[in-house]
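Working notes, structure below.
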Amino acid sequence: MMASSYNAKEEDGHHSVSAASGPSAGPSAKSKKPDNTAFKQQRLPAWQPILTAGTVLPAFFIIGLIFIPIGIGLFVTSNNIREFEVDYTGVDASSPCFTCSQTYSWNSSIPCKCAVSFSLEQPFESNVFMYYGLSNFYQNHRRYVKSRDDSQLNGDKASLRNPSKECEPYRSHDNKPIAPCGAIANSLFNDTLELFYIDPNGTRTQIPLVKKGIAWWTDKHVKFRNPGGNNFNLTVVFQGTTKPVNWRKYVYELDTDPENNGFVNEDFIVWMRTAALPTFRKLYRIIQKKSNMTPTLPRGNYTLDVTYNYPVRSFEGRKRMILSTISWMGGKNPFLGIAYITVGSVCFFLGVVLLIIHHKYGNRNNSADIPN
Amino acid sequence: MWRRRLTCLFGGEEKRVDSRTIHAGRGSSPVADAFPQQKFCDNRIVSSKYTIWNFLPKNLFEQFRRIANFYFLIIFLVQVIVDTPTSPVTSGLPLFFVITVTAIKQGYEDWLRHKADNEVNKYPVTVLEDGKRVGKESEKIKVGDVVEVLEDETFPCDLVLLQSSRDDDTCFVTTASLDGESNHKTHYTVPDTVKDVESLHATIECEQPQPDLYKFVGRMHIRRDGQETAVRSLGPENLLLKGATLKNTKKIYGVAVYTGMETKMALNYQGKSQKRSVVEKSINAFLIVYLCLLVSKAFVCTTLKYVWQNQHGQDEPWYNPKTQQERDTNLYLKMFTDFLSFMVLFNFIIPVSMYVTVEMQKFLGSFFITWDKDFFDPEVQEGALVNTSDLNEELGQVEYIFTDKTGTLTENNMEFIECCIDGFQYKNHKFLTETDGLCETDGPITITLNKAPEELEELFLRALCLCHTVQVKESQPVDEIDGVVLDQVDGFSPSPEDQCAFIASSPDEVALVKGAMTHGFTFIGSDSKSMKIRNRDNRVEVYELLHVLNFDPVRRRMSVIVKSESGEVLLFCKGADSSIFPRVRKEEVDRIRVHVERDAKEGYRTLCVAYKRLGNEDFARVDAELREARLSLHDREEKLMAVYNQVETDMILIGATAVEDRLQDRAAETMEALQGAGMKVWVLTGDKMETAKSTCYACRLFQRGTELLELTVGALGEGEGKREERLLELLLEYHKRVVHDTPPSKTGLHRTWSSPGQDYGLIVDGATLSLLLNASPDGTGSHYKNLFLKICQSCTSVLCCRMAPLQKAQIVRMVKSSKGSPITLSVGDGANDVSMILEAHVGIGIKGKEGRQAVRNSDYAIPKLKHLKKLLLVHGHLYYVRIAHLVQYFFYKNLCFILPQFLYQFYCGYSQLPLYDAAYLTMYNICFTSMPILAYSLFEQHISIDTLLDHAALYREVAKNAMLRWGPFFYWTMLGVFHGLLFFFGVYCVFSNPALLPSGQVFGNWTFGTIVFTILVFTVTIKLALDTRHWTWINHFVIWGSLAFYILFSFFWGGITWPFLEQQRLYFVFINMLSSMSAWLAIMLLIVLSLLPDVLLVALRRPRGRNTRQIAAVTPLSYKHLKEREW
């Protein structure tokens, strides 16, 4: 790749003709005379790459040749990913969730329900991942990000009773410590989404949604732990604490499955991993492929039943439901493929241009060198 | 110093008096009441800065006086007080590290000083108290104590010599540890005190302590029972300085006059003024730019934050409420704390570590100069010496070199060549054979066709033998003679006659005495009162030495007054022709002037010898005047000078001598290389014009074709009034010739580069220069100066002769402060060069024969002039490139470090959420990216050493601070901005869908930051790798090691839930990131994309770059071509 010369200079020898100091170099001379080592004389053997147009040129071609196929691969992969998105915020009066979004109040005991129908033009063949997306939701606000107590979430009993100060103003309520404390936990996304397939003959089939495997394995098994281990009765464990202000249920009532209840509830864990940008999506459920014969989600009409609990209108937010298949590169994202193809082509093009320039320059160089 | 001030404060003295009174022989001063008893410091030397108690506060105070440290302290305090996004640890830890390391270093140095102080202070001495010898510790000596010192002991304080064990009432000392002069100096006892030290009753009146080592005025009142008080004058020859060592004398007694911190040694123990390099100034300029950037970033963010918060629902959405305390805070206070928080968030843009790295680079880098074996000189048995490491890079920026002639360009190795007596020339035959390389029988033969009258000849030789301050080294065991310059001529096997060694402060004198010896008159020795010479008839003549009128550079001559055996009183005077000719009878001058000028032209140093017979009355008058002048306490120098000038008139010129000073080894080649490197060489010498001119020709500073412009007294002509007019005329004429004739673009640095036409050389002498510089201050003065400077700047070389030491410094200052403030370098070897060495940006001392003063005051010391070439062309060039790259790189890497964090604020509601984890923020500059650049800045050789040595013109590539001007700075800043934008928005685009894991799970904000950070660390490291042209194993180790360390650290940091962390933000973030193919691909893409422009630049620029290098290799400036052109 680079024209390089391995220029190992002799450590000693020819350069230093120390004969001049021969007779007079007594014992006193030894102490003062600098050591003749390669290091001290700055003559360590060194690789001296010379970057010239000639040596850099192949690099351009190689980058081009590697990047373009990768880019194409990424692009194709991304294109093959099926993705469907539906906004159910209910901003327009025409949208089915408009009423819910308008009449919303935290205290209402009867949840507001609405159903959004949509149709898939193409079948989703492999496992389908269901996301909820929020927009203009600043999960990365500093005040918000730090409003949690990781040791409480890790099952530390002391922290359970006495949560970190960072959790303010959701540290305690009615003189009881809040579990889980903090603004992040308090604002847990609590819409319930259910998906129904409408057969051409009109029957609604609920599509089974799997709620396991949506959080990072390490989060679920190491970072988040219920106090007192999983075998205990969570109601007892959390006794003396109260639920977050905005929650309807206690943390030990999140799920019936003890593996997915309390702090190790996966919906909760997913929510607790704060998003990078104000528009984000979070994994909600997985729709597993049943058999090789039928697609996971065949084309056709669907209904999304929403239990509308989560208000976003006050801060101009949006709520979405996203269905997506996944490839080795994750979700659909055309950016990488396009970027790779672009960079690859630019490199290749530059390589060609440089080759031409170099060819001309090289010739001129040679002709200029000859008279010398 | 403090202690001294305090002692003086509490000294009970109402007012400071100009002199101090000391009662010698303590406890027995009957007239003590007559004088108010003064109190003096004790004899304790305190060179240490701290004590155990005040170390911490004082050291901290001093460290925080540095702007950078103070800035970081403020940031740290803000972090502690205000609720800021990053914990105080992130900036506190590096600061603590820096402060601790510095404190430990300074503490250790101070401990060493304490130890050294103690060693001196506890040294046992013997003091006479009431006639008894009492052993004491050195620090207990009080002013007025009579102290006994034995041979080879150092004096514990400044003593006035009372009694010596030598018969002639003298003692010998060496002041090697004071001014580095290793020769033996003679000091004299105060007359009449010799016999009765133990019963001495005397009062010494002397001036207050002052640092000049060579000045001392005092008076001693000696009282003896039944006798009148005798008054004796005291001069520097009576004063034994603390730090000097007694030699050749068994034992002396002296009375302490200055003790402790008031000794001359302690007063001289002051740090030199700090020189700052251009690079440092550039750093400060860049720092201001970045500080502005920082403030404006914080300001923009604060403003936008409040604009954004005013939108509906954004300030406090339901999911993210404020605490009560936040709500209660005053809006403006909140704005202010927000501003501070942003400052803290972005403060990494100005890193502490840069200062540490720069310091380390300078400190460690300077070792390579000390270690360079090419600087080792077998003769001196020493290599280069680095006194300050702050100026390494300045060596690569030199534009003007001011060099001394004697001892620097020449060897200061004097040989008596010839003399001329009464107009007849006497060649030294012995020397002739040596130079011709013929093996003729040598001996002290004078070949003379025409001889001067024998009487005159002998008078001349007697003058040579008498008029000097040379001493004969007494025959000693061989090992003791070893240290002394036995024979000034190396490689000659000394003939039996030569075997007696002469010791003198100036090699000229030795040469002259030896010259006289070859002509038959041998100086045998002297004691304080008489001088013995052996004449041609082998008879010993004894002269009584009456007075020595010492040499000084202003008078430029010295005289002795002796009384011959026949009772005749004679004054012999030798000195520079210009100082002798006006003082002798006119008619003799012309015959000798021819010879002097011819000799001078050949590059010899000439001295004229004159004599004068003093009648008895004359002598009596002179004697009285001299004694009176010597006794005066005030203005003694001036009074003496007046007497000297008065005595040294109406003399009779006998002859002149010529002494050769050979050129230094490879002086011409060195000078040529330096000129080829674009430096202008000015020779500043005290020598006379002709001599200096010939040296310049010999060094090829002036070439055959060089047109010489003279601005000398000779060219100006006589007459005070007309001179200035004539000067202006000449200046205008030269200006027209030099500046206007050559196109302006070719003046300045690149003059010879492309002007094949005329080279100009300028010669200026001291008198004209003082006329120029001190010209009437009505505006024309500065006009003169400007004209002069312009002429100088367009000349190839400038020779300034007849310079006083101060004038040398004046010239340096003038050039230094001229337009564009060029970097100046002074080279010198003698005490007379110290002023210019201190004045120039870089001072180089040559470890020459004239003592060590120049070396002590220099920034770098080298054994020989020829080493200057490698020092500048290789070390200077490399250090400049290294540190310039270091500085630019540091700013760059922190810009692209912080820019994504700045951009992230736009996407996190301006909430000051850091993009990176605190550990990354802290470690980035300390661990992940610091070592590669440090290794680069120590080992990089973008051009190999040999190439740099061979092609001096390469030096021009970095001239004028080329790599740290705004252009390159802008380039690096743009690069940093480009990288920062790319890192952030690249990852931003990838995160438009955060489901990047193949399991469909999503990434959060810390993964976002970690991806950006990974790209960042890899990019800046690989960017450095691309810039590295010299890959030693160390570079490989640190570059790949840093990256590996980053990865390992990230694994480790994310692999464990750390109990001391409040939030496990990075738990498994890095590993999860690595399990995402998209993250890998994004990282690779962005690294390649950010480095693409650099590689592209290399590809586009290199062919041209190589061309220029080829041109440079065959440039007409290279040594060979110059030679060819010349012939």
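The values are calculated or read from the model by the stated rules, or taken from the named source; none is laboratory data. Quick caveat: nothing in here was measured; it's all calculated off a predicted structure. Ideal geometry is used to build each Cβ from the backbone, glycine not excepted, and the neighbour counts take in all protein chains shown.
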Is it the case that B:Tyr880 is hydroxyl-bearing (Ser, Thr, Tyr), in contact with a Phe, Trp or Tyr (Cβ under 6 Å, 6 or more places away or on another chain) and either more than 24 Å from B:Phe978 (Cα to Cα) or within 14 Å of another protein chain (Cβ to nearest Cβ) (or both)?
no
Give the residue, chosen from B:Val307, B:Val289, B:Val380, that is more than 27 Å from B:Lys893 (Cα to Cα) and surrounded by 14 or more Cβ atoms within 10 Å (Cβ to Cβ).
B:Val380
Kindly evaluate B:Lys612 against the criterion of being modelled with pLDDT of 85 or more and more than 28 Å from B:Leu806 (Cα to Cα).
yes
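Only one of A:Thr235, A:Thr242 is modelled with pLDDT of 90 or more, among the hydroxyl-bearing types (Ser, Thr, Tyr) and either more than 27 Å from B:Phe1003 (Cα to Cα) or surrounded by fewer than 16 Cβ atoms within 10 Å (Cβ to Cβ) (or both); which?
The conditions single out A:Thr242.
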Single residue of segment B:1078-1087 satisfying the filter (over 20 Å from A:Ala215 (Cβ atoms) and at the interface with another protein chain (Cβ under 7 Å from one of its Cβ atoms)) that is surrounded by the fewest Cβ atoms within 10 Å (Cβ to Cβ):
B:Leu1081
For residues that are within 14 Å of another protein chain (Cβ to nearest Cβ) and not in a helix (DSSP H, G or I), tally how many sit in segment B:371-401.
12
Some residue of segment B:747-755 being touching a strand residue (DSSP E or B) at 6+ places or on another chain (Cβ under 9 Å), among the small types (Gly, Ala, Ser) and either farther than 25 Å from B:Glu672 by Cα or modelled with pLDDT under 80 (or both):
no
Just for segment A:186-221: of the residues that are in contact with a helix residue (DSSP H, G or I) (Cβ under 7 Å, 6 or more places away or on another chain) and part of a helix (DSSP H, G or I), which one is farthest from the other protein chains (Cβ to nearest Cβ)?
A:Lys220
Any residue in segment B:341-370 that is within 14 Å of chain A (Cβ to nearest Cβ) and buried (at least 20 other Cβ atoms within 10 Å of the Cβ) sitting within a Cβ distance under 9 Å of a residue that is assigned to a helix (DSSP H, G or I) and modelled with pLDDT under 85? List the pairs, counting only those 6 or more apart or interchain.
B:Val344/B:Thr90; B:Val344/B:Ser91
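Here are A:Gly344, A:Gly317, A:Gly330: which of them is surrounded by 19 or more Cβ atoms within 10 Å (Cβ to Cβ), within 13 Å of another protein chain (Cβ to nearest Cβ) and without any contact (Cβ under 8 Å) to a residue 12 or more places away in the chain?
A:Gly330
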In segment B:509-537, residues that are outside any strand (DSSP E or B) and touching a Ser or Thr at 6+ places or on another chain (Cβ under 9 Å) total 12
Filter segment B:1021-1068 down to the residues that are within 11 Å of another protein chain (Cβ to nearest Cβ), within 42 Å of the chain's Cα centre (by Cα) and closer than 23 Å to B:Phe897 by Cβ and list them by number.
B:Ala1025, B:Leu1026, B:Asp1027, B:Thr1028, B:Asn1035
Selected residue (only one of B:Asp498, B:Asp479 is at pLDDT below 80 and out of contact with any Lys or Arg (no Cβ under 9 Å at 6 or more places or on another chain)):
B:Asp479
Exactly one of these conditions fails for B:Phe64: (1) out of contact with any Leu (no Cβ under 9 Å at 6 or more places or on another chain); (2) free of Cβ contacts under 8 Å to residues at least 12 places away in the same chain. Give me its number.
(1)
Would you confirm whether any residue within segment B:973-984 is more than 10 Å from chain A (Cβ to nearest Cβ), surrounded by fewer than 23 Cβ atoms within 10 Å (Cβ to Cβ) and within 37 Å of the chain's Cα centre (by Cα)?
yes
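Per-residue answers, yes or no, for (1) assigned to a strand (DSSP E or B); (2) surrounded by 14 or more Cβ atoms within 10 Å (Cβ to Cβ); (3) not hydroxyl-bearing (Ser, Thr, Tyr):
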residue	(1), (2), (3)
B:Arg555	no, yes, yes
B:Gly567	no, no, yes
B:Leu570	yes, yes, yes
B:Ser578	no, yes, no
B:Glu587	no, no, yes
B:Arg598	no, yes, yes
B:Arg605	yes, yes, yes
B:Arg613	yes, no, yes
B:Glu617	no, no, yes
Kindly indicate whether B:Leu545 is in a strand (DSSP E or B) and either modelled with pLDDT of 85 or more or within 16 Å of B:Thr649 (Cβ to Cβ) (or both).
no
Give segment A:135-183 a look and list any residue that's under 30 Å from A:Lys332 (Cβ atoms), more than 7 Å from chain B (Cβ to nearest Cβ) and part of a loop (DSSP other than H, G, I, E, B), or say none.
A:Asn136, A:Phe137, A:Gln139
Does B:Lys864 satisfy being out of contact with any helix residue (DSSP H, G or I) (no Cβ under 8 Å at 6 or more places or on another chain) and closer than 21 Å to B:Ala952 by Cα?
yes
Looking at A:Arg281, A:Arg273, A:Arg248, A:Arg285, which is the one that is of a type in the set (Lys, Arg) and surrounded by fewer than 22 Cβ atoms within 10 Å (Cβ to Cβ)?
A:Arg248
For segment A:259-304, how many residues are farther than 29 Å from A:Asn140 by Cα, of a type in the set (Ser, Thr, Tyr) and touching a residue at least 24 places away in the same chain (Cβ under 8 Å)?
3
Hey, B:Thr175 under 27 Å from B:Ile926 (Cβ atoms), within 30 Å of the chain's Cα centre (by Cα), surrounded by 14 or more Cβ atoms within 10 Å (Cβ to Cβ) and of a type in the set (Ser, Thr, Tyr) or not:
no
Across segment B:659-693, what is the number of residues that are at pLDDT 85 or above and either part of a strand (DSSP E or B) or not charged (D, E, K, R) (or both)?
16
Tell me yes or no: at least one residue of segment A:255-266 is within 25 Å of A:Leu304 (Cα to Cα), more than 11 Å from chain B (Cβ to nearest Cβ) and crowded, with 22+ Cβ neighbours inside 10 Å.
yes
Which of the residues spanning segment A:234-258 are part of a helix (DSSP H, G or I) and either within 17 Å of A:Ala185 (Cβ to Cβ) or touching a residue at least 40 places away in the same chain (Cβ under 8 Å) (or both)?
A:Leu234, A:Val237, A:Val251, A:Tyr252, A:Glu253
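Quick check: anything in segment B:901-910 farther than 17 Å from B:Tyr988 by Cα and of a type outside the set (S, T, N, Q)? Even if it seems obvious, please write down each step before you answer.
Quick first cut of segment B:901-910, residues farther than 17 Å from B:Tyr988 by Cα only: none.
Checking segment B:901-910: not a single residue is farther than 17 Å from B:Tyr988 by Cα and of a type outside the set (S, T, N, Q).
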Residue in segment B:941-962 that is at pLDDT 90 or above, touching a His at 6+ places or on another chain (Cβ under 6 Å), more than 9 Å from every other protein chain (Cβ to nearest Cβ) and outside any helix (DSSP H, G or I) present:
no
For residues that are assigned to a helix (DSSP H, G or I) and either under 21 Å from B:Leu162 (Cβ atoms) or in contact with a Leu (Cβ under 9 Å, 6 or more places away or on another chain) (or both), tally how many sit in segment B:109-139.
1
